[in-house]
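Structure first, then comments.
No lab work stands behind these numbers, since they all come straight from the coordinates. Not measured: the values here are computed from a predicted model. All Cβ positions, glycine included, derive from the backbone under ideal geometry; neighbour counts span all protein chains shown.
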Amino acid sequence: MSVKEAYVGMDLDTSGGDVVRAIISAIEEDNEGVVVEDFSVFKKVKSPGKLVLKRETVEEHLGQDFDMDQVHIFMSSYFGFIADWDEEQLIIEWESGED
């Protein structure tokens with residue numbers, strides 16, 4: 001499996017309720033090939049090669065404003081490298097976009 005095919009992602013604490021559901025829905029909408037595994041107390045959300053979480057998409061699913069700093073509250077761990085994290089988006093990938 002190449003780096004571009006290997007999964008990256010995050011574990012989200014299900015106690016986050018609506019916010020975590022909105023985050024997962026946003027990830028599923030903005031990424032292809034997303035897999036969500038339910039472990040009851042947390043959900044593992046993984047995407048092949050790159051995962052993008054957009055504030056705007058979370059807000060659409062949540063129905064209210066969302067601050068990207070809130071991701072810290074619900075993300076218990078992640079796998080891959082955080083390539084970008086600002087007020088608009090979070091990107092996790094195995095390598096930079098440079099080939």
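Before moving on, here are some points about what is shown:
- One quarter of the surface of the convex hull around the alpha-carbon atoms of the chain equals 6.0 nm², the direction-averaged projected area.
- Potential lengthening between PHE79 and ASP18 on full extension [0.36 nm per residue; Cα-Cα distance subtracted]: 19.6 nm
- Residues TRP94, TRP85, sorted so that the one with the fewest Cβ neighbours within 10 Å comes first: TRP85, TRP94
- Counting only alpha carbon atoms, the long axis of helix 17-30 and the longest principal axis of the chain meet at about 40°.
- Remark on ALA6: its backbone amide H falls under 5 Å from those of GLY49, a criterion applied only to residues 5 or more positions apart or on other chains, H modelled at 1.01 Å from N.
- Length-normalised contact order for the chain - Cα pairs under 8 Å, 6+ apart - percent: 34
- Whole-Hz Karplus values for the stretch 80-93 come out as x, 10, 7, 8, 7, 8, 9, 6, 9, 7, 10, 10, 10, 8 Hz, taken residue by residue from phi with 6.51 cos²θ - 1.76 cosθ + 1.60 and θ = phi - 60°; glycine and proline positions read x.
- Segment PHE39-GLU87, length gained on full extension (0.36 nm per residue, minus Cα span): 14.4 nm
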